[in-house]
Every structure is written in C-alpha cells, then in structure tokens.
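Peer 1: This is the structure I want to talk about, given as structure tokens.
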Amino acid sequence: MIEGAGTAQRVLRIGLVVALALLGLWVALPFVPALLWAVVLAIAVAPVYGRAEARWPAGKTVWLPLLFTAAIGLAVLIPLGLGIVRAAQEAHDLAAWLASARAHGIPEPAWAAGLPFPHRALDDWWVANLGTAEAAQRQLGHLTDPEMIARSRAIGGHAVRKAVVFAFTLLAFFFMLRHQDDIARQARRAGDRLFGPAGERIGEQMIRSVRGTIDGLVLVGIGEGVVMAIGYIASGVPHPVLLGAATAVAAMIPFGAAVLIGLAALMLLGQGAVGWAIAIVALGAAVIFIADHFVRPVLIGGATRLPFLWVLIGILGGVEAFGLLGLFIGPAVMAALILLWRELVANG
C-alpha cells in the first residue's frame with residue numbers, strides 16, 4: 001500500500017513538473033529567440049571575455065559584462081542607424097521618382113542601346129510595360145500613397161517588436177556574462193543527472209559547433225563583404241559601403257551573397273558599365289567559390305567534426321525552421337545528433 005502511494009506520488013510529481021515546464025515555456029515563448037540569441041552571443045565572446053575576466057577579475061561583477069553588452073549593442077545599432085539615415089535621405093528621391101514614372105513612364109536605360117546583339121524584343125517589351133505613362137501606371141499603380149503609408153505602419157510596428165526583443169537580448173546577455181560560472185556549473189550538473197557522462201560531451205560539442213559556425217559564417221561573411229565593398233568602390237556602384245555591409249550579412253547565409261552581387265551588377269548595367277558589371281560578377285563568383293569550398297569547410301567542419309554536407313544541411317534546415325537564429329542552432333543540433341550516432345555505433 002505504501003509502495004503504491006509512493007509510486008502515485010512520483011507519477012504526480014513528474015506530471016506536475018512536466019505541466020509547469022510546458023506552462024513556463026508557453027509564458028516565455030515570445031522571448032525564447034532573445035534568450036537563444038543571448039546564449040549564442042555569450043558563446044561567441046566567451047574566449048575574449050575569459051581573457052578580460054582573468055586580467056580584471058574585479059570587474060566581472062558589473063562593468064565587464066556592461067562593457068561587452070554595450071559593445072554588442074553598438075555593433076548592431078551603429079550600422080543599423082546609418083542605414084536608417086541613408087534610407088530617410090533617399091525616401092524623398094524615391095517618392096519623386098515614382099511620381100515621375102507614373103506620370104511620364106520610365107525611359108529605357110542607356111545600356112540597352114549598346115547591347116551587342118539584336119534587342120528589338122527588349123525595346124518592344126519596355127515600351128509596352130514601362131515606357132509610357134499608362135504602362136508604368138499599370139505596373140506601379142499599387143504603390144499608391146495610402147498603400148505606402150499602410151506598409152510603413154506595418155514595418156514600423158514590426159520594427160518596434162524587434163527592438164523590444166533586441167533590448168531583452170542585451171539584458172539576458174548581460175546577466176549571462178555576469179553569472180556565467182553559476183550557469184555553467186548548474187548546466188553541467190543537470191546534464192550529468194539527466195544524461196550521464198554523455199551530457200557534458202553533448203554540451204561541449206554544441207558549444208564548439210556554435211563557435212565554428214560563427215567563425216565560418218560570420219567572420220567569413222564579413223571578409224566577403226569587405227572584399228566586395230572594395231570591388232563596389234572601384235567599379236562605381238552606388239552606396240558601395242552600405243551594399244558591402246549588406247553583402248556581408250547576406251554572405252552569412254549560403255548562396256545569399258550572390259543575390260546582392262547580382263543586384264550590384266544590375267546597378268552597373270543600369271549605368272551603362274557593362275564591363276564593370278562583368279568584373280563584379282567574376283569577382284563575386286571567385287570570392288564565393290573560395291569561401292564556400294575551402295575556407296568554411298575547414299572552419300566549421302573542423303570545429304564540429306562534421307562533414308560539410310551535414311553542416312550545410314544544418315545551416316539551411318536551421319534557417320528554414322528558425323530564421324537567422326537557425327544559422328547557429330541547426331549545426332549545433334546536427335553536431336549533437338552525429339555525436340550520439342557515433343557513440344551508439346562505437347558502443348555497438
């Protein structure tokens with residue numbers, strides 16, 4: 001009888017824990033991405049923060065976490081602020097261009113006349129779809145002022161929500177740095193109790209995966225953006241620094257940089273610089289080929305101990321499931337699964 005009562009209590013206790021865990025996850029669900037971003041950032045800066053903490057141990061309570069949090073915040077806000085200022089400066093020009101296009105049509109670009117092959121079909125298509133006021137009105141009529149205002153409001157509301165999540169990410173990042181020793185100790189203890197010796201190995205493998213992904217995606221993406229920005233400046237692409245920064249961000253996603261490089265080539269074609277457009281495409285193809293086939297496999301595959309095919313599946317599948325955050329979650333999950341598989345095969 002007593003044994004049955006004890007079993008019933010254990011079942012009820014487990015049910016209560018599961019129910020509370022699910023309820024807590026449901027309550028915290030809007031902020032789970034922010035917490036995960038804070039974890040990724042904390043893993044990314046851990047080596048540098050560890051050296052700073054060893055040099056200034058008295059600052060680990062407040063000012064070192066605050067300094068690193070401020071640095072992360074400024075690294076995001078400064079480029080974003082510059083982009084917003086640039087967009088605001090060009091908003092008036094864009095509105096004037098739309099008004100002129102709806103009233104008079106869009107003239108065919110000068111480079112079309114210099115194409116080295118017959119382009120009568122292109123000329124006819126341009127006149128029929130964009131060259132006259134009526135045709136331009138059909139293509140651009142949906143971009144009316146009320147429509148633009150509604151879209152601007154929707155974008156503004158989305159930006160406010162993202163700003164709240166970003167602020168919470170910085171707050172969580174600060175406290176993770178401040179209490180990282182306690183968090184690591186508790187996570188290690190919980191992993192040992194739940195999974196045994198494999199728990200710590202899984203955690204270490206996932207941390208190595210996140211760091212390898214940061215090196216292979218973020219740092220290599222920044223390198224691609226710098227190289228392409230130099231090319232943009234040399235070729236005369238409009239706003240080369242801003243476009244280079246956008247290329248760096250896009251390069252963190254496999255095959256994403258090709259979209260921005262193609263856009264830059266189209267801008268050059270619009271200016272009549274056909275040779276420079278070909279040069280930018282060639283430079284971009286070389287940079288992407290070297291980064292994706294030589295640099296990233298070494299950095300990511302070496303850290304995660306995964307074949308690059310599985311790394312690529314983790315990255316693309318993670319982006320599909322979790323958005324930008326999936327760049328880091330996907331490879332970490334794949335690394336943990338492969339580790340468990342290897343241990344299962346070895347033990348068998």
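The values are calculated or read from the model by the stated rules, or taken from the named source; none is laboratory data. These figures come from a predicted structure and were not determined experimentally. Heads up, the Cβs are rebuilt from the backbone with ideal geometry, glycines too, and the neighbour counts pull from every protein chain shown. Side chains included, ligands, DNA and RNA excluded: accessible areas come from the protein's heavy atoms. Shrake-Rupley method; radii C 1.70, N 1.55, O 1.52, S 1.80 Å.
Peer 1: Normalized C-alpha radius of gyration of the stretch 7-75, against 2.2 N^0.38 Å?
Peer 2: Working: Rg = 18.7 Å, N = 69, 2.2 N^0.38 = 11.0 Å.
Dividing the Cα Rg of the stretch 7-75 by 2.2 N^0.38 Å gives 1.70.
Peer 1: Gain in length, L340 to A8, computed as 0.36 nm per residue apart minus the alpha-carbon separation, to one decimal in nm?
Peer 2: Working: separation 332, 0.36 × 332 = 119.52 nm, distance 3.31 nm.
Stretched fully, the L340-A8 segment lengthens by 116.2 nm.
Peer 1: Which percent of Cα pairs goes in each bin when the distances of the stretch 210-319 are cut into 5 angstrom slices starting at zero?
Peer 2: 2, 13, 24, 22, 15, 10, 8, 4, 1, 0
Peer 1: What translational diffusion coefficient, to the nearest whole µm²/s, does the stretch 194-249 have by Stokes-Einstein, given a Kirkwood radius computed over alpha-carbon pairs, a temperature of 37 °C and 0.692 mPa s viscosity? Display every interim value, and only then the final one.
Peer 2: Details: Rh = 13.2 Å.
Approximately 248 µm²/s, per Stokes-Einstein.
Peer 1: How large is ³J(HN,Hα) for each residue in the stretch 39-53, as worked out from phi by the Karplus curve 6.51 cos²θ - 1.76 cosθ + 1.60 (θ = phi - 60°), to whole Hz, x for Gly and Pro?
Peer 2: With the stated coefficients, the stretch 39-53 comes to 5, 4, 5, 5, 5, 5, 8, 4, x, 5, 5, x, 5, 5, 5 Hz.
Peer 1: Limiting things to C-alpha atoms, what are the Rg and the maximum Cα-Cα separation (Dmax) for the stretch 243-297, in angstroms?
Peer 2: When restricted to Cα atoms, the stretch 243-297 yields Rg and Dmax of 11.5, 38 Å.
Peer 1: While we're here: Looking at the square roots a ≥ b ≥ c of the eigenvalues of the Cα gyration tensor of the stretch 222-267, which shape do they give, rounded for a/c under 1.5, prolate if a/b is larger than b/c, or oblate?
Peer 2: Oblate is the answer for the stretch 222-267, as a/c is 1.5 or above yet b/c matches or exceeds a/b.
Peer 1: Turning to a different aspect of this structure: For E320 and L194 in one chain, what is 0.36 nm times their gap in residues minus the Cα-Cα distance, to one decimal in nm? Before the final figure, lay out the partial values.
Peer 2: Values: separation 126, 0.36 × 126 = 45.36 nm, distance 2.98 nm.
Full extension of this stretch gives 42.4 nm more.
Peer 1: Of G199, Q186, F168, which is farthest towards the positive pole of the stretch 150-237's charge dipole, taken about the Cα centre with +1 and -1 on the beta-carbons of Lys, Arg and Asp, Glu respectively?
Peer 2: Working it through, the farthest residue towards the positive pole turns out to be F168.
Peer 1: Can you give me the P(r) profile for the stretch 268-348? Cα pairs, bins 5 angstrom wide beginning at 0, each as a whole percent.
Peer 2: For the stretch 268-348, the pair-distance distribution reads 3, 14, 16, 15, 14, 10, 9, 8, 4, 2, 2, 1, 1, 0.
Peer 1: Right, here's the next one. Which value, in Å², gives the accessible area per residue of the stretch 189-253 when a 1.4 Å probe is used on the protein heavy atoms? Can you show the working numbers first?
Peer 2: Working: 3060 Å² over 65 residues.
Counting only protein heavy atoms, the per-residue value for the stretch 189-253 is 47 Å².
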